[in-house]
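Asker: Can you keep this structure in mind? I'll have questions shortly.
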Amino acid sequence: MLAIKPANVTYEEAAPVCGALAAWNFLVDQVNIQSGQKVLISGASGSIGSTAVQIAKHFGAEVTGVCSTPNVELVKSLGADQVIDYTKEDFTKTGQSWDVIFDTENKSSFSQCKGSLTQKGVYLKTYPGPTILLQMLWTSMFSSKKAKISATGLRPVPERLSFLKELVELIEAGKIKSVIDRCYPLEQTAEAFRYAERGHKKGNIIVTVAHSN
């Protein structure tokens, strides 16, 4: 998996492309996101979520982001049309419905979100487990509302290269930008992990390595 780094992007900005690949796989390849669809991104300020908001907006979707209070303005700045602060409101109890609900942080379930999906809505989850696997199988046969997961890293290399090529073009054009919370030098990698484990990061944490241009 290799691509040339765009000249207008720093090494630090290029590093989080793995999260962007996952968002692209789910939204573009798995559900074929369309203009005018209503999409909810849970964990909209995280690594995958912050890119997912931008990708959904690029394809013309109406985007609702879900995050905590300190990250509301960030998610708005990424293009979200509506932001729900989960510390104050449960999106499943707002009476709204979405064509796609994308849980990027494993904080919900298909059962909880089913009532907030449109008739042919899709629930996406990045974290596999026996429950979602069974729901994926059951909904594929018996329900108009679908539950889906996809292991991006296990997709064939040619498919991932195709995703990467399209992403690089959008990144180079400035249509998708990496959200970076903090950068740590290589010798402080352990501290970077400790910060990540606190669960309050915005976007990505970058470990920088000395390099020559």
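Asker: In the range 178-200, what residues are in a loop (DSSP other than H, G, I, E, B) and over 13 Å from residue 15 (Cβ atoms)?
Answerer: Residues of the range 178-200 in a loop (DSSP other than H, G, I, E, B): 178-179, 198-200.
If the condition is that a residue be in a loop (DSSP other than H, G, I, E, B) and over 13 Å from residue 15 (Cβ atoms), then 198, 199, 200 are the ones that fit.
Asker: Being within 21 Å of residue 20 (Cβ to Cβ) and assigned to a helix (DSSP H, G or I), is that true of even one residue in the range 201-212?
Answerer: no
Asker: Could you grab the pairs with beta carbons closer than 8 Å, sequence gap of 6+ or different chains, first residue in the range 168-197 and closer than 24 Å to residue 5 by Cβ, second one among the basic types (Lys, Arg)?
Answerer: Matching pairs, first to second residue: 171/177; 179/202; 181/201; 181/202; 182/201; 192/182.
Asker: Here are some conditions: (1) closer than 22 Å to residue 79 by Cβ; (2) touching a helix residue (DSSP H, G or I) at 6+ places or on another chain (Cβ under 8 Å); (3) not in a loop (DSSP other than H, G, I, E, B). Residue 169 meets all but one. Which one does it not meet?
Answerer: In the conditions (1) closer than 22 Å to residue 79 by Cβ; (2) touching a helix residue (DSSP H, G or I) at 6+ places or on another chain (Cβ under 8 Å); (3) not in a loop (DSSP other than H, G, I, E, B), residue 169 misses (2) alone.
Asker: For the range 115-138, enumerate the residues that are touching a Lys or Arg at 6+ places or on another chain (Cβ under 6 Å), at pLDDT 95 or above and of a type outside the set (Gly, Ala, Ser).
Answerer: Scanning the range 115-138 gives 117, 122, 124.
Asker: Within the range 3-32, which residues are among the aliphatic types (A, V, I, L, M) and under 18 Å from residue 151 (Cα atoms)? Talk me through it step by step, then tell me what you get.
Answerer: Taking the range 3-32 and keeping what is among the aliphatic types (A, V, I, L, M), we get 3-4, 7, 9, 14-15, 17, 20-23, 27-28, 31.
Scanning the range 3-32 gives 17, 20, 21, 22, 23, 27, 28, 31.
Asker: Could you grab me the full set of residues in the range 1-38 that are under 16 Å from the mean Cα position of the chain (by Cα), charged (D, E, K, R) and either surrounded by fewer than 15 Cβ atoms within 10 Å (Cβ to Cβ) or within 14 Å of residue 163 (Cα to Cα) (or both)?
Answerer: Of everything in the range 1-38, just one residue is under 16 Å from the mean Cα position of the chain (by Cα), charged (D, E, K, R) and either surrounded by fewer than 15 Cβ atoms within 10 Å (Cβ to Cβ) or within 14 Å of residue 163 (Cα to Cα) (or both), namely 29.
Asker: Are any residues in the range 198-213 touching a residue at least 24 places away in the same chain (Cβ under 8 Å) and either within 24 Å of residue 69 (Cβ to Cβ) or basic (Lys, Arg) (or both), and if so, which ones?
Answerer: 200, 201, 202, 203, 204, 205
Asker: Residue 83 fails exactly one of the following numbered conditions: (1) within 21 Å of residue 180 (Cα to Cα); (2) buried (at least 24 other Cβ atoms within 10 Å of the Cβ); (3) at pLDDT 95 or above. What is the number of that condition?
Answerer: That leaves (2) as the condition not met.
Asker: A further question on this structure: Could you list all residues from the range 133-162 that are assigned to a helix (DSSP H, G or I), more than 18 Å from the chain's Cα centre (by Cα) and in contact (Cβ under 8 Å) with a residue 12 or more places away in the chain?
Answerer: Scanning the range 133-162 gives 133, 135, 136, 139, 157, 159, 161.
The values are calculated or read from the model by the stated rules, or taken from the named source; none is laboratory data. This one's a predicted model, so the numbers in the text were calculated from it and none came from an experiment. A quick note on method: Cβ atoms are made from the backbone with ideal geometry, for glycine too, and the neighbour counts reach across all protein chains shown.
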